[in-house]
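Reviewing the structure listed below.
The values are calculated or read from the model by the stated rules, or taken from the named source; none is laboratory data. Everything numeric here is computed off the predicted structure, so don't read it as measured data. Positions of Cβ are backbone-derived with ideal geometry, glycine not excepted, and every protein chain shown enters the neighbour counts. Just so you know, the surface numbers come from the protein's heavy atoms only, side chains and all, with ligands and any DNA or RNA stripped out. Shrake-Rupley method; radii C 1.70, N 1.55, O 1.52, S 1.80 Å.
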Amino acid sequence: MEDSQRVELTGTVSRVTFRAEDGYTVLRLEVESGGLVTCVGYFARVAPGDRITCNGRWVSHPKYGPQLSVEAYRLVPPDTTDGIVRYLSSNLISGIGEAMAERIVRRFGKRTLEIIDKEPNRLREVPGIGGKRIAAIKQAWREHRGVSELVVFLESHGIPASTAVRIYKHYGNDALRVLKENPYRLAAEVWGIGFSTADRIASRIGIAPDSPLRIKAGIQYTLSQAVEEGHVYLPLEFLESRCMGILGTGEDSFRDSLQALESERRIVREGERVYPPGLYEAERVIASKLVQLASSTPDWSHSIDDHLLERIGSEQEIHLHTSQIEAIRAGVTSKVLVITGGPGTGKTTIIRALVTLHEMGGRRVLLAAPTGRAAKRMSELAGSEAKTIHRLLEFSPQDGVFRRNSSNPLDADVVIVDEASMLDISLAASLLEAIPEEAGVIFVGDVDQLPPVGPGNFLNDIIAAGTVPVCRLTRIFRQDAGSEIVENAHRINAGEFPVLGKRAGEFFLIEKEHPADVAETIVDICSRRLPGKYGFDSRADIQVLSPMYKGEAGATSLNARLQHAINPLGARFGETRFRVGDKVMQLRNNYDKMVFNGDLGEVLDFDVEEDKLIIRFDYEIAYDRFELDEIALAYAITVHKSQGSEFRCIVMPVITQHYIMLHRNLLYTAVTRARDLVVLVGTRKALALAVRNVRADKRLSSLADRLREAAQNCRGGSA
């Protein structure tokens, strides 16, 4: 049965059968005319007991029969005491269960919702409700009403309810005002909402296609997309072409809006290059500070006695090689230094030696890394405390700024930064601003790994500029230099096919061709074979890395399969995909929670009364249901997300279906994440393709040019 006529039904939600995280819902509606109707569509925060009026069309599902496909709906307050009890006790308000709802309705009857809305302090008349709970009820009721009003507005303009919660969460009670004044703010300010959604709202509320508001938003959106791709600027001609393609407007309108944005200092134009202001300034700060450091001599500069180096080597039970000694000497005699090398080339040994030498000289040394995992690993390997750069710079979630800066520099003589290949230019600029003038900074990293997730290619650019001292480590000094993982990492980096099936059995290729067979094999390896043979913990020790999210052997599909195989009995959090015991990853920087993009955690529990999921990262964090789009299952992650981490074992699909992402530095980065074992599943053809393909991400950045210019100006000024 299918009828194109619109239908309006009013009734009470009897049961929510299914709810996806984007808000798509299947529910049973007890209609006022009698009977139960299945409704499908996007709903925000509907629960059993809600009275709603739905507008939609009848469709016939081949398995489930007639359904109402809901195009719009509105909440209707329940008008019976039983309905109000069900309404209040349906997780609508945290802290009100069925017993509490019955006490409230017993006191206020059919006026209960009116009392909560207009006279909430009267809830004190109900036994067991105090000031703290009243405050929580007020807040929850405001959010519920605000989201409901927002849903009505959005759906009247063709925007699904799934968008409403995210918008309300960001703007609170100002959400409707922002939407009506300038919906394009959504694309810039609300994570997960793109320009197309904002543009659709703008069109529905009457903003003209050639409106300067729209064109300026389109320019800024195009620049933000370029930043997501790793670029620092866009060439003017390319920006114009891309914007006109998105907006469908003429050249004159584009040029006028570009000039207006420049006048408003919302973009920076330098010749034929167009920058977001923050990234333009970040490049200038980095170039100025690095050249200043490189052109000065540290107060502590002195020669290092060979006997002292021998003693340090003896204490660390190693023999320092000439190249390591040169790096150590440079780290003591220079105010800025880059140390780069692959796995096993002695970077950690050098860091430990530099910490020892500087501390022996009475100097204050701080260690840092871009991520929590990298900082923890640095602490373990270097034998001294390391912090994330955010913690080192004392980031303030309330103000959204670093408290350590040029006006309040770090209390340090030397700052050593590990995993510097992960530094984007914004974070690098903030760090350099906080380095005292008299202090030094040492960047340690592997320039052959993938570039950072954020914009720019900081480590590569400062090496390419040739304006600061660089120590390149090429010889393998690690005591386990015979490691197949280390050997093959260097072979891959040199464009040579890895050696398979050697002595120690640390590096395998299991040959499977079809993506479905690859996925099935990976699940079997992680859930059964590796735990059985090596005693690995499927969650703690093994990490699946995939070049892509999509496809049968992509991270998304593998996560669903691995969760089913590894954690089938974990208690599920409502209708979400998350279960207690799941391995999860944070997908964006959340400064309020101080958890960052790429951080790995474990689902510990969920709080039914507060409707929150509890996840342990470095510490326990609570997520409400509408924050769950910030986390994802992490049994399988992309190689990009693995940067700065080390796992006992990595398992990776290597198939030709991923050819667009199969290139040398991606494979190299993946292999160097493993400490004990690498298992590749796929074909020799795909593996050879990855080794041969030297295509690297070409990022548009001016940093190397700025460094050379700043160095030339510095030399000219001192001549």
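In a reduced charge model with +1 at each Lys and Arg Cβ and -1 at each Asp and Glu Cβ, region 429-583 shows a dipole moment near 600 debye about its Cα centre.
Computed with the Debye formula from one identical point scatterer per Cα of region 14-75, without solvent, the log10 of I(q)/I(0) at q = 0.16, 0.23, 0.25, 0.28 Å⁻¹ comes to -0.46, -0.99, -1.18, -1.47. Placing unit charges on the Cβ atoms only, positive for Lys and Arg and negative for Asp and Glu, gives region 322-465 a dipole magnitude near 300 debye about its Cα centre. Radius of gyration over Kirkwood radius for region 182-239, both on Cα atoms: the Rg/Rh ratio is 0.99. Exposure check, 1.4 Å probe, all protein chains in place: Cys471 carries approximately 20 Å² of accessible surface. Let's test the formula: R0 of 35 Å, r as the Cβ-Cβ distance of Ala622 and Glu119. What FRET efficiency results, to the nearest 0.05? Approximately 0.70, to the nearest 0.05. Projecting the Cα positions of Tyr668, Ala634, Tyr591 onto the charge dipole of region 577-719 (unit charges on Cβ atoms of Lys, Arg, Asp and Glu, taken about the Cα centre) puts Tyr668 furthest along the positive direction. Relative to the Cα centre, the charge distribution of the chain, modelled as +1 at Lys and Arg Cβ and -1 at Asp and Glu Cβ, gives a dipole magnitude of about 900 debye. Pairs over the 23 Å Cα-Cα cut-off, from the set Lys216/Lys593; Lys550/Lys583; Lys512/Lys641: Lys216/Lys593; Lys512/Lys641. For a label point 7 angstrom out from the Cα of Arg695 toward its Cβ, which stretches of region 496-534 have the backbone nitrogen within less than 19 Å? Within reach of a label on Arg695: 496. Taking Lys and Arg as +1 and Asp and Glu as -1, the other residues whose beta-carbon sits under 10 Å from that of Leu662 total +3.
Over all other residues within a Cβ to Cβ distance under 10 Å of Lys289, the charged ones net out to -1, with Lys and Arg as +1 and Asp and Glu as -1. The separation of region 420-455 from region 646-668, counted between C-alpha centres, amounts to 26 Å.
Is the C-alpha gyration tensor of region 360-479 telling us rounded, prolate or oblate? Criteria: a/c under 1.5 is rounded; beyond that, a/b larger than b/c is prolate, otherwise oblate. Judged from the Cα gyration tensor, region 360-479 comes out rounded (a/c under 1.5). Across all directions, the shadow cast by the convex hull of the chain built on its C-alpha atoms averages 36.9 square nanometres. Classify region 1-152 as rounded, prolate or oblate from the Cα gyration tensor: take a ≥ b ≥ c as the square roots of its eigenvalues, call it rounded if a/c is under 1.5, otherwise prolate when a/b beats b/c and oblate if not. Since a/c reaches 1.5 and a/b is larger than b/c, the shape of region 1-152 is classed as prolate.
A 1.4 Å probe, protein heavy atoms only, puts the accessible area of Thr467 near 30 Å².
Other residues lying with their Cβ under 14 Å from the Cβ of Gly682 contribute a combined charge of -2, Lys and Arg counting +1, Asp and Glu -1. A Förster radius of 35 Å combined with the Cβ-Cβ distance from Glu30 to Ala135 puts the calculated FRET efficiency at roughly 0.55.
The share of accessible area on region 631-719 that comes from carbon and sulfur is 51 percent, using a 1.4 angstrom probe. Computing FRET efficiency as 1/(1 + (r/R0)^6) for Arg204 and Asp79, where r is the C-beta to C-beta distance and R0 is 35 Å, gives about 0.60. On region 116-216, 49 percent of the accessible area sits on carbon and sulfur atoms, based on a 1.4 Å probe. Remark: the His61-Arg577 segment gains 183.3 nm on full extension, using 0.36 nm per residue and subtracting the alpha carbon distance.
Where the accessible area of region 218-278 is counted over protein heavy atoms with a 1.4 Å probe, how much of it, in %, is carbon and sulfur? Roughly 43 percent of what the probe reaches on region 218-278 is carbon or sulfur.
Could you tell me which of rounded, prolate or oblate describes region 509-549, using a ≥ b ≥ c as the square roots of the eigenvalues of the alpha-carbon gyration tensor, with rounded for a/c under 1.5 and, failing that, prolate when a/b is larger than b/c and oblate otherwise? It comes out oblate by the Cα gyration axes.
Think of a 1.4 Å ball rolled over the protein heavy atoms: the chain then has 44 Å² of accessible area per residue. Net length available on complete extension from Glu513 to Arg145 is 127.1 nm, with 0.36 nm assigned per residue and the Cα-Cα distance removed. In sequence order, region 193-198 has phi-based couplings of 10, x, 4, 4, 5, 4 Hz under the Karplus curve 6.51 cos²θ - 1.76 cosθ + 1.60, θ = phi - 60°, and Gly or Pro positions carry x. In the chain, the DSSP-assigned H stretches of four residues or longer account for a calculated mean residue ellipticity at 222 nm of -11500 deg cm²/dmol, using -39500 (n - 2.57) per stretch and the full residue count as denominator. Projecting the Cα atoms of Gly341, Met378, Gly271 onto the charge dipole of region 220-379, computed from C-beta unit charges around the Cα centre, puts Met378 farthest toward the positive end. Of Met585, Met244, the order by accessible heavy-atom surface (1.4 Å probe, DNA, RNA and ligands excluded), from most exposed downward, is Met244, Met585.
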